[in-house]
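Derivation of every value follows stated rules applied to the coordinates shown; laboratory data play no part. Computed from a prediction, not measured in an experiment: that's the story for all the values here.
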Amino acid sequence: MKGFIVRLLDDIKGNFGIFDNRAYMVFIFNKGTEVSYQTLWSNSKVLVDKQQELFNILWEVATPLALRRKELEQEEKPHYQKIL
């Protein structure tokens, strides 16, 4: 496959990464700031597995970019809600 697959979630702040199913990294933000001054890195298998599960859930409920682009072009919000 060429390129990237992009999905979007509204109202989610923060980001994290899972590397080769072996390590987890999260950026820690303070309230009221958009700059991360701290990062947590872990290679705990239990933590990595749980964060992978979280990522899979978020990925499933996220809106594909193509659909979100159509929504924005039509200036409509979707008539449904996604529940985590």
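Per-structure values
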item	result
Percent of Cα pairs exceeding the 14 Å cut-off, where the set is the chain	72
Computed lengthening from Q52 to Y37, 0.36 nm per intervening residue step minus Cα-Cα distance	3.0 nm
Computed [θ] at 222 nm, deg cm²/dmol, the chain (DSSP H ≥ 4; -39,500 (n - 2.57); rounded to nearest 500)	-10500 deg cm²/dmol
